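Participant: The structure follows.
The values are calculated or read from the model by the stated rules, or taken from the named source; none is laboratory data. Computed from a predicted structure; not experimentally measured. In this analysis, Cβ positions are derived from the backbone assuming ideal geometry, glycine residues included, and neighbour counts consider all displayed protein chains.
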Amino acid sequence: MGRVPAWGGTMNALRRHRALTAIWGSAPGWRGSIASVNHSDIGRRFILAAFAFFAIGGVLAMMIRAQLATPGSAFVGPDIYNQLFTMHGSIMMFLFAIPMFEGLALYLLPKLLGSRDMAFPRLSAYGWWCYLFGGSILIASLALGVAPDGGWFMYTPLSSRAYSPGVNADVWLLGVTFVEISAIAAAVEITVSILKLRAPGMRLDRMPLFAWYLLITALMMIVAFPPLILGSILLEVERAFDWPFFDPARGGSPLLWQHLFWLFGHPEVYIIFLPAAGVVSTVLPVMARTRILGYGWIVAALLAMAFLSFGLWVHHMFATGIPHMALGFFSAASALVAIPTALQVFAWIGTLWNGRPELKLPMLYLLGFFLTFVIGGLTGVMLAMVPFNWQAHDTHFVVAHLHYVLVGGFIFPMLAGAYYWLPHFTGRARAASLGKAAFWLIFLGFNFTFFLMHLTGLLGMRRRVHTYPEEMGWAWLNLLSSIGSFVMAFGFALFAIDVALQIFWSRRSRRNPWNAGTLEWAIPIPTPVYNIASLPHVQDREPLATDPALAVKLARGEGYLAVPRHGWRETMAVETTTGAVDHVVVLPGNTRLPIITAAVTGSFFLCLLFGFYWLALVPLAGVVVLAWRWAWVLGSREDFGPLPIGQGQAALTHREAVGAPGWWGSVFLLVADGTLLASLLFGYAFLWVVAPNWPPPARIEGGLLLGLMASAATLAGMWLQRRSLAAACAGRLISARHTATAAAAAQAVSIVALMSLGITALPGPETHAYAAAGWALLIYAALHAAIALLCSAFVSARLASGHVSGTRLLEPSIARLFSDYSGAATLIVLVCVLAPAMAP
């Protein structure tokens with residue numbers, strides 16, 4: 001590719017549109033669809049698939065309510081009933097709520113931030129295919145009669161091999177873990193996109209509130225999801241290889257699963273609620289025809305909420321024998337989280353009071369949200385009180401509370417957002433039709449169903465029972481709840497029909513039909529594939545309110561990156577806090593790599609599901625090869641220097657800049673990885689302190705020499721990788737290549753030493769939970785040493801191919817991150833594993 005010509009020339013709006021469409025568009029037909037990495041395409045697919053899974057989960061809920069409508073019902077037997085409530089909860093939590101918010105974020109974020117795409121388009125596509133394949137595994141198990149049946153939280157020992165001998169539990173553990181890959185990918189994508197890919201001038205305090213909600217949610221996902229992934233891995237390993245992490249007879253503890261699950265599970269409630277609250281903070285001011293009240297206070301409340309949410313997990317375990325001091329602490333923390341929640345509610349009420357609200361359809365759903373969510377919050381404070389919790393634990397009162405929080409706090413705002421952004425998705429205006437009838441059926445049916453469940457819970461009805469005797473006095477309440485659930489189902493059916501009518505028969509919508517002030521309404525609707533013809537310079541939280549002619553100016557090319565060049569998919573990256581221009585990001589184009597990689601990843605999980613453990617190494621190797629190819633097709637062999645970007649400014653491309661999105665993505669991926677290691681160390685310490693049958697009958701014997709060898713090799717690998725980066729920065733590329741190769745060799749020595757340490761010094765992992773935990777730590781360290789080895793080998797190959805120069809240092813910088821993390825993790829693991837050998 002030759003040197004870039006000087007910025008100049010003129011281009012009218014139509015020529016610009018055609019040129020950008022040719023660059024950002026996809027090929028027609030199904031081949032183009034499966035190769036597309038466009039964020040709008042991926043976002044729509046997430047939303048449609050999540051709604052389909054929601055419909056399936058709703059059908060299961062109707063079957064549950066049909067079974068409970070009358071005493072002694074024989075509609076389904078206990079085995080099928082167990083599958084129904086397990087799959088209902090799993091679908092709604094893992095296949096509907098989180099993916100729905102991910103889809104909305106992927107579709108809207110670039111438009112809200114004045115960008116052309118997300119930071120890692122191929123990662124978005126890979127996450128989509130993982131979600132689709134993983135969800136399909138779960139649904140197929142339901143159709144085949146082998147669906148999970150141990151509850152959506154899969155408590156041990158019920159889910160252990162002794163009590164769940166079939167593949168039902170394995171389907172949940174592997175299917176959910178597969179889907180969680182998608183969630184982690186989306187979380188990293190959202191975080192980096194918000195921090196870096198904003199319109200120039202958009203400081204953090206000028207971001208739309210919805211972006212703040214999504215940023216904090218994504219950061220919570222990065223920290224909250226790894227404990228669940230670790231717990232699923234440990235339980236699957238116990239089921240497959242008899243490593244007794246949760247078997248109290250051999251030093252394990254069923255409570256360890258509960259801790260790992262609820263370390264994820266309680267933040268998950270806020271992960272679901274916060275994006276929906278972001279929709280409220282976005283739509284409510286528009287409906288009230290004013291600006292949001294208390295922007296800074298809301299952001300502070302979000303940060304407080306995120307922080308407190310990680311200190312509440314034990315309130316799900318009050319009935320398990322928690323020490324009294326811990327009961328008091330977690331009860332107080334559970335009540336304290338109501339304060340930042342109430343702050344947001346008062347800000348919304350103040351916004352309504354300050355404005356001139358219009359009772360349009362989105363506003364109806366917001367009013368429904370206020371009522372249901374406040375009831376859910378009040379019952380949550382009740383359950384935070386230990387004496388009441390002991391009485392209501394595992395009753396229908398808890399089920400009612402959960403649905404008031406999640407349906408009231410998530411579905412009602414999402415339905416408001418659906419009607420608010422529907423013109424953006426479809427380009428069609430809403431026609432007065434079935435929307436209000438759908439709202440009233442959903443609202444009344446929901447409250448009729450779940451308010452009465454508070455009463456059945458207080459009368460002592462346990463959750464997860466498939467039938468009950470008539471003399472318990474619950475029959476009439478259950479019958480009315482079941483009737484209400486069918487009314488609610490009719491409401492959702494009307495909503496789907498209403499949306500379909502608007503998509504296919506409504507007239508075209510004008511741009512910005514709500515007279516909103518945020519940037520997504522500066523884009524033509526339906527949205528072009530490139531989003532925005534030129535990128536704005538933002539000087540206000542509501543740019544359209546400040547400059548109503550902004551949309552026309554951007555279409556005329558009066559912003560940044562108005563002239564396409566080289567067929568590049570370009571967008572801007574900014575300084576994280578100030579919003580000043582940082583560099584130009586050149587994004588990858590359409591490719592089939594995401595679907596192929598997801599299919600190979602799915603093959604790995606299917607091999608594990610069917611017990612073909614050695615065969616699983618084949619798709620695992622395939623993932624490694626594809627990941628190498630994934631990274632190899634990026635980059636350039638030429639330095640371009642500062643390029644003109646418009647507005648009289650110039651900037652480097654991300655390949656030559658410091659702090660590119662790829663570097664930031666690696667940082668947040670390692671944060672998630674570090675959380676998984678911290679969870680593993682927590683489990684190791686928990687078993688030492690709490691689990692029965694400790695201390696173990698046999699501890700590690702010897703191994704100090706191998707430990708020192710692994711430590712020395714790890715430190716050498718870290719030092720050599722740093723030296724390789726320094727040599728490349730100085731332009732000594734041959735030296736950098738040889739040093740990177742030596743770093744890879746040092747990591748190989750570390751892997752051999754770590755595995756030798758386990759084989760020669762640790763007891764067999766099936767003998768006691770101590771040995772199983774020690775082996776888990778060593779495997780974790782060896783796996784990350786292997787990742788560091790691959791990174792070093794990749795850098796060596798890129799140096800040889802000319803993709804790395806004294807200014808193009810992105811790949812060596814990322815390799816240094818992984819090498820440093822691997823080294824630190826290995827040293828921590830060695831200390832933990834070898835410490836018992838030195839204890840008296």
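Participant: Please note which helices (runs of 4 or more DSSP H) are completely contained in the range 1-101 and include at least 2 residues that are within 27 Å of the chain's Cα centre (by Cα).
Facilitator: Working: elements: 13-24, 29-35, 39-68, 78-90.
It comes to 29-35, 39-68, 78-90.
Participant: If I filter the range 536-582 down to residues being of a type in the set (Lys, Arg) and farther than 21 Å from Asp205 by Cα, which single residue comes out as nearest to the chain's Cα centre (by Cα)?
Facilitator: Arg569
Participant: Considering the range 760-812 alone, what residues qualify as being outside any helix (DSSP H, G or I) and among the acidic types (Asp, Glu)? Explain how you work it out, then say what you get.
Facilitator: As a first pass, look at the range 760-812 and keep what is outside any helix (DSSP H, G or I): 762-768, 802-809.
Selection gives Glu766 alone.
Participant: Another one. Could you tell me which of the residues Leu669, Leu706, Leu720 is surrounded by 16 or more Cβ atoms within 10 Å (Cβ to Cβ), under 29 Å from Ile184 (Cα atoms), outside the structural domain of Ile229 (by TED's automatic domain parsing) and of a type in the set (A, V, I, L, M, F, W, C)?
Facilitator: On the way: Leu706 fails: under 29 Å from Ile184 (Cα atoms); Leu720 fails: under 29 Å from Ile184 (Cα atoms).
Result: Leu669 is the single residue among Leu669, Leu706, Leu720 that is surrounded by 16 or more Cβ atoms within 10 Å (Cβ to Cβ), under 29 Å from Ile184 (Cα atoms), outside the structural domain of Ile229 (by TED's automatic domain parsing) and of a type in the set (A, V, I, L, M, F, W, C).
Participant: If you don't mind, another one. List the number of the failed condition for Asp41; all other conditions in (1) without any contact (Cβ under 8 Å) to a residue 24 or more places away in the chain; (2) over 22 Å from Leu123 (Cα atoms); (3) in the same structural domain as Glu189 (by TED's automatic domain parsing) hold.
Facilitator: Checking Asp41 against (1) without any contact (Cβ under 8 Å) to a residue 24 or more places away in the chain; (2) over 22 Å from Leu123 (Cα atoms); (3) in the same structural domain as Glu189 (by TED's automatic domain parsing), the one that fails is (2).
Participant: To continue, here is another question. Residues that are in a loop (DSSP other than H, G, I, E, B) and crowded, with 17+ Cβ neighbours inside 10 Å: does the range 323-342 have at least one?
Facilitator: Taking every residue of the range 323-342 in turn, at least one turns out to be in a loop (DSSP other than H, G, I, E, B) and crowded, with 17+ Cβ neighbours inside 10 Å.
Participant: Which ones in the range 595-646 are surrounded by fewer than 14 Cβ atoms within 10 Å (Cβ to Cβ) and among the small types (Gly, Ala, Ser)?
Facilitator: Result: Gly611, Ala621, Gly641.
Participant: OK, next. With the checklist (1) of a type outside the set (Asp, Glu); (2) touching a helix residue (DSSP H, G or I) at 6+ places or on another chain (Cβ under 8 Å); (3) surrounded by fewer than 18 Cβ atoms within 10 Å (Cβ to Cβ) in hand, flag the one item Gly355 doesn't pass.
Facilitator: Only one criterion in (1) of a type outside the set (Asp, Glu); (2) touching a helix residue (DSSP H, G or I) at 6+ places or on another chain (Cβ under 8 Å); (3) surrounded by fewer than 18 Cβ atoms within 10 Å (Cβ to Cβ) is unmet by Gly355, namely (3).
Participant: Take the range 583-614 and flag every residue that is of a type outside the set (S, T, N, Q) and either part of a loop (DSSP other than H, G, I, E, B) or over 24 Å from the mean Cα position of the chain (by Cα) (or both).
Facilitator: Within the range 583-614, His583, Val584, Val586, Pro588, Gly589, Arg592, Cys607, Phe610, Gly611, Phe612, Tyr613, Trp614 meet the criteria.
Participant: OK, next. Give the residues of the range 385-427 that are under 19 Å from Phe451 (Cβ atoms) and either touching a strand residue (DSSP E or B) at 6+ places or on another chain (Cβ under 7 Å) or charged (D, E, K, R) (or both), sorted by residue number.
Facilitator: Across the range 385-427, the qualifying residue is only Thr395.
Residue by residue, here is whether (1) more than 30 Å from Ser534 (Cβ to Cβ); (2) not in a helix (DSSP H, G or I) holds:
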residue	(1), (2)
Met118	no, yes
Leu132	yes, no
Leu138	yes, no
Val146	yes, yes
Thr156	yes, yes
Ser164	yes, yes
Thr191	no, no
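Participant: Then there is this: Mind listing whichever residues of the range 550-601 are more than 18 Å from Thr653 (Cβ to Cβ) and of a type in the set (D, E, K, R)?
Facilitator: Selection gives Lys553, Arg556, Glu558, Arg592.
Participant: Can you name every residue in the range 629-654 that is closer than 28 Å to Ala185 by Cβ and over 24 Å from the mean Cα position of the chain (by Cα)?
Facilitator: Arg629, Trp632, Val633, Leu634, Gly635, Ser636, Ala651, Leu652, Thr653, His654
Participant: I'm told Asp205 meets every condition in (1) surrounded by 22 or more Cβ atoms within 10 Å (Cβ to Cβ); (2) assigned to a helix (DSSP H, G or I) except one. Can you identify the failing condition by its number?
Facilitator: Result: Asp205 fails condition (1) only.
Participant: How many residues does the range 451-508 contain that are of a type in the set (S, T, N, Q) and within 30 Å of Trp421 (Cβ to Cβ)?
Facilitator: Total meeting the criteria: 3.
Participant: Which of (1) aromatic (Phe, Trp, Tyr); (2) over 29 Å from Gly296 (Cα atoms); (3) surrounded by fewer than 18 Cβ atoms within 10 Å (Cβ to Cβ) does Phe397 not meet, given it meets every other one?
Facilitator: Every listed condition holds for Phe397 apart from (3).
Participant: State yes or no: is Tyr270 at pLDDT below 95 and either among the polar types (S, T, N, Q) or more than 23 Å from Thr320 (Cα to Cα) (or both)? I'd like the intermediate steps shown before the answer.
Facilitator: On the way: at pLDDT below 95: yes; either among the polar types (S, T, N, Q) or more than 23 Å from Thr320 (Cα to Cα) (or both): yes.
So Tyr270 passes the test.
Participant: Something else about it: Kindly indicate whether any position in the range 415-431 is at pLDDT below 95 and at positive phi.
Facilitator: yes
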